[in-house]
Amino acid sequence: MTNVKKSILYRILFSFSCVVIFAGFVIWYIINIQFVEGQKWRSLSDSLTMKYKVIQAARGNIYSDNGTLLATSVPRYELRLDAMASPIDTFNKYMPILARLFSENFKDKTAREYLKGFQKARKTQNRYYFIKRKLNFLEIKEVKNWPLFKKGRFRSGLIIEVENHRVLPFHQMLTRTIGYANKGKTKTRVGLEGAFDKELAGISGKRLMRKISGGYRPVNDVVELEPEEGKDIYTTINVDAQDIVNKALLKGLTKHQAHHGCAVVMEVKTGEIKAIANLSIQKDGSYQETFNYAVAESYEPGSTFKLISAMALLSGKHLTVSDSVFVNKGSLQFNGVTMNDAEYCPFKNQTFSYAFEHSSNVGISSTVNKYYGSKPLDFIQFLKQINLHQNTGVEIPGEIKPYIKEPQMKSWSSISLPWMSIGYDLRFTPLQILNVYNAVANDGKMVKPYLVKAIGNKGIIEKKIEPIILNESIADEEVIKDLRKLLRGVVEHGTARTLLKSKVEISGKTGTSQIADGKGYTDAAYFSSFAGYFPSGQPKYSVIIVINKPKEKGYYGAVVAAPIVQEIAEKMMGMEMRNAIDIPDTVVSSGKILVSSITKKGPAKEFFKKFDNIKASIPKSESEWVFVKNGEKDSYLFTDQENKNSIPDLTGMGLRDVLYLLENKGVKVSSIGKGKVIWQSVKAGTEISKVSTIQIKLSL
């Protein structure tokens with residue numbers, strides 16, 4: 001019996017010892033994990049439940065030449081809810097109210113649907129429940145003042161996240177030139193956004209996020225690493241000029257039902273691109289900017305290239321503009337291949353100026369072949385001498401390199417040079433051709449076309465970009481003078497005679513080139529173009545228009561492209577005159593006032609003296625200020641005395657005009673935005689005595 005008791009006791013002691021040892025081991029292990037290896041395991045836990053979220057910096061703004069916004073970033077907010085943040089009684093009390101407010105304000109779901117979503121989030125313990133996205137600042141400000149939400153994030157569970165969205169105030173205008181920078185796998189970079197992505201992007205920030213049911217939420221109210229906003233870029237684009245060019249190009253494309261087209265206007269002395277438009281037809285028949293044809297599409301320029309052939313001949317001292325050349329009545333064979341002129345010529349020989357002005361293919365090609373046929377490399381070398389074999393270097397990506405056929409190529413033949421001399425068997429972008437015409441207008445100095453003139457940070461210019469000279473002189477002074485006479489002669493005597501009716505003197509060259517379809521050239525498709533500059537005497541701007549596949553009402557450059565140039569030249573010079581005499585909101589085109597405005601009487605009188613064809617009735621009142629307003633045939637001036645007792649129609653006016661007009665009458669003005677008036681809170685015609693304050697919205 002004693003032995004049995006001892007055996008049981010030993011067993012109990014052994015079991016107890018094992019329990020004590022095990023308990024001691026557990027305690028030791030807990031202490032080791034908590035204090036010795038604690039930091040290690042806490043770090044591992046954090047790495048599984050916490051992470052840093054990259055906060056994209058706000059991209060810098062893109063401005064026009066006068067500070068108008070072309071692209072900017074605006075915050076867009078996303079709302080989420082931590083459904084477990086508030087006690088159940090608080091949750092049940094406020095969620096029906098919040099559901100009703102969301103439904104009434106956003107009208108996308110019923111209050112019942114909102115409430116059902118909130119309740120499901122609570123049931124599933126969702127601490128990151130999605131409510132809405134793409135809210136603006138004013139909407140967020142209102143939501144934060146709603147019941148429960150105004151108690152703050154931790155007590156209410158409201159989570160607000162922000163992302164910056166790129167906005168183009170002018171929508172479709174300049175979309176391809178402004179472009180974008182895709183941050184995905186392809187990293188596509190288009191336009192100015194792509195070219196200056198590094199400067200515009202800024203430096204991203206970081207925010208610590210904790211993993212919760214449904215996703216991640218911020219650990220703190222503060223951002224651990226604040227993002228640094230991107231720098232701003234200031235472009236050479238003039239918004240008024242861009243609007244003129246866009247509308248003129250659209251009008252021309254629509255009239256001729258063309259597939260696509262582009263227009264570029266450049267400042268002669270500096271190379272600043274003041275306007276660049278690219279439009280192509282869509283499935284619904286409208287025209288949109290989807291591709292930058294001016295920079296990224298090369299084409300056979302046709303007759304606009306004849307300026308370069310003439311430059312080579314004159315620079316080589318092979319002839320003068322008055323020398324006789326062989327035109328052979330507009331038809332000539334080169335090694336069995338016939339070349340024809342578009343315009344009938346009854347003569348065998350004519351002066352070189354006649355051949356150029358009337359765009360004689362035979363006259364130009366026979367002359368080039370006469371002097372360069374046995375040494376085509378000399379002709380090719382001249383093209384390289386004036387930088388035609390190189391890109392212009394314009395900042396935006398995608399510029400196509402010029403293609404010039406050379407004798408060592410397999411495709412070279414005995415007819416290559418004659419056809420090259422009239423703009424075939426070589427390819428350039430519209431901007432590359434324009435750069436040569438700009439150099440002729442600039443007394444032979446070739447400057448680099450450019451779109452960005454400064455980079456800044458919060459209104460302070462950090463880097464100013466100056467014009468770059470590509471070639472000090474593409475030809476000597478006498479040659480340049482002859483070329484400018486030839487280009488003006490095209491308008492006065494040649495293929496662009498329709499431009500003689502223009503109120504602005506224009507010089508340039510028409511171009512009409514057939515488009516190859518893979519099997520050869522066809523009479524069914526053409527490039528219609530015009531390249532030149534204005535005003536002829538003292539060139540301010542150079543311009544090129546290239547229209548692809550016009551289908552209706554003609555296809556010659558003189559018919560399709562030249563009228564677009566005329567409209568651009570007249571409106572832009574009217575704009576220049578307006579700026580010079582300080583008529584603030586008036587644009588002149590073809591001798592007509594397009595936008596009603598208010599201005600001082602003195603400058604207005606001076607303004608109308610510039611146009612003999614406009615009849616303007618100048619009121620004899622003592623008023624210093626007058627209205628400028630359209631008439632059917634004439635332009636008239638009215639004083640504001642006629643409307644002194646009522647609110648006028650303010651649409652189209654600038655803020656300065658509105659302030660002068662109304663605040664002098666005792667009406668306070670509250671404005672939103674910049675630009676021209678697009679909305680007014682008080683209807684036109686309302687008696688002044690009944691109005692104390694008026695609100696207006698401006699276009700930007």
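Tell me yes or no: at least one residue of region 514-531 is in contact with a helix residue (DSSP H, G or I) (Cβ under 8 Å, 6 or more places away or on another chain) and either of a type in the set (Phe, Trp, Tyr) or assigned to a loop (DSSP other than H, G, I, E, B) (or both).
Yes, region 514-531 has at least one match.
So LEU417 fits all but one of (1) assigned to a loop (DSSP other than H, G, I, E, B); (2) farther than 28 Å from VAL265 by Cβ; what number is the exception?
Only one criterion in (1) assigned to a loop (DSSP other than H, G, I, E, B); (2) farther than 28 Å from VAL265 by Cβ is unmet by LEU417, namely (1).
Select from region 422-478 the residues that are on the phi > 0 side of the Ramachandran plot and either part of a helix (DSSP H, G or I) or in contact with a strand residue (DSSP E or B) (Cβ under 7 Å, 6 or more places away or on another chain) (or both) and list them in ascending order.
Going residue by residue through region 422-478, those that are on the phi > 0 side of the Ramachandran plot are 423, 425, 443-444, 458-459.
Correct list: GLY423 only.
Can you name every residue in region 514-540 that is within 20 Å of SER298 (Cβ to Cβ) and surrounded by 23 or more Cβ atoms within 10 Å (Cβ to Cβ)?
Answer for region 514-540, where residues must be within 20 Å of SER298 (Cβ to Cβ) and surrounded by 23 or more Cβ atoms within 10 Å (Cβ to Cβ): TYR526, PHE527, SER528, SER529, PHE530, ALA531.
Enumerate the pairs (first residue in region 664-688 and surrounded by 12 or more Cβ atoms within 10 Å (Cβ to Cβ); second residue anywhere and basic (Lys, Arg)) with beta-carbon separation below 7 Å, excluding pairs fewer than 6 apart on the same chain, so at least 6 apart or on different chains.
GLY673/LYS697; ILE678/LYS697; TRP679/LYS697; ILE688/LYS665
Name the single residue, out of those in region 73-112 being loosely packed, with under 14 Cβ neighbours inside 10 Å and part of a loop (DSSP other than H, G, I, E, B), that is farthest from the chain's Cα centre (by Cα).
This residue is PRO87.
Which one of these is at positive phi, at pLDDT below 95 and touching a strand residue (DSSP E or B) at 6+ places or on another chain (Cβ under 7 Å): GLY336, GLY330?
Going through GLY336, GLY330 in turn, the sole match is GLY330.
Does PHE149 qualify as being modelled with pLDDT of 85 or more and touching a strand residue (DSSP E or B) at 6+ places or on another chain (Cβ under 6 Å)?
Here the answer is yes, as PHE149 does meet what is asked.
Could you identify the single residue in VAL479, VAL447, VAL543, VAL490 that is within 27 Å of ILE62 (Cβ to Cβ), crowded, with 19+ Cβ neighbours inside 10 Å, hydrophobic (A, V, I, L, M, F, W, C) and in contact with a Ser or Thr (Cβ under 8 Å, 6 or more places away or on another chain)?
VAL447
Inside region 163-178, can you point out the residues that are part of a loop (DSSP other than H, G, I, E, B) and within 13 Å of TYR63 (Cβ to Cβ)? Show your work before the answer.
Just the residues of region 163-178 that are part of a loop (DSSP other than H, G, I, E, B), to begin with: 168-174.
Hits for region 163-178 are LEU168, PRO169, PHE170, LEU174.
Hey, among the residues in region 261-298 that are assigned to a strand (DSSP E or B) and among the polar types (S, T, N, Q), which one's surrounded by the fewest Cβ atoms within 10 Å (Cβ to Cβ)?
Top of the filtered list is GLN288.
Just one of (1) in contact with a helix residue (DSSP H, G or I) (Cβ under 7 Å, 6 or more places away or on another chain); (2) at positive phi trips up LYS134, so point out which.
(1)
Quick check on my filter: what residues within region 359-390 are among the charged types (D, E, K, R) and either part of a helix (DSSP H, G or I) or surrounded by 20 or more Cβ atoms within 10 Å (Cβ to Cβ) (or both)?
Of everything in region 359-390, those that are among the charged types (D, E, K, R) and either part of a helix (DSSP H, G or I) or surrounded by 20 or more Cβ atoms within 10 Å (Cβ to Cβ) (or both) turn out to be LYS370, ASP378, LYS384.
When the residues of region 300-342 are filtered to those that are free of Cβ contacts under 8 Å to residues at least 40 places away in the same chain and in a loop (DSSP other than H, G, I, E, B), which remaining residue is nearest to ASP523 (Cα to Cα)? Let's see the steps before the verdict.
At the first step, the residues of region 300-342 found to be free of Cβ contacts under 8 Å to residues at least 40 places away in the same chain are 317, 322-324, 327-333, 336, 338, 340-341.
Filter again for in a loop (DSSP other than H, G, I, E, B), leaving 317, 322-323, 327, 336, 341.
Working: LYS317: 36, SER322: 33, ASP323: 33, VAL327: 23, GLY336: 20, ASP341: 14 Å.
Among residues in region 300-342 that are free of Cβ contacts under 8 Å to residues at least 40 places away in the same chain and in a loop (DSSP other than H, G, I, E, B), the one nearest to ASP523 (Cα to Cα) is ASP341.
Being at pLDDT 85 or above and among the hydrophobic types (A, V, I, L, M, F, W, C) is the filter; apply it to region 169-180 and report the residue that is surrounded by the fewest Cβ atoms within 10 Å (Cβ to Cβ).
Start the filter on region 169-180 by keeping residues that are at pLDDT 85 or above, which leaves 173-179.
Adding the requirement that they be among the hydrophobic types (A, V, I, L, M, F, W, C) leaves 173-174, 178.
On the way: MET173: 20, LEU174: 26, ILE178: 23.
Of everything passing the filter in region 169-180, MET173 is surrounded by the fewest Cβ atoms within 10 Å (Cβ to Cβ).
The values are calculated or read from the model by the stated rules, or taken from the named source; none is laboratory data. Just so it is clear, the structure is predicted and the values come from calculations on it, not from any experiment. Counting neighbours? That spans all protein chains shown, and the Cβs are built from the backbone with ideal geometry, glycine included.
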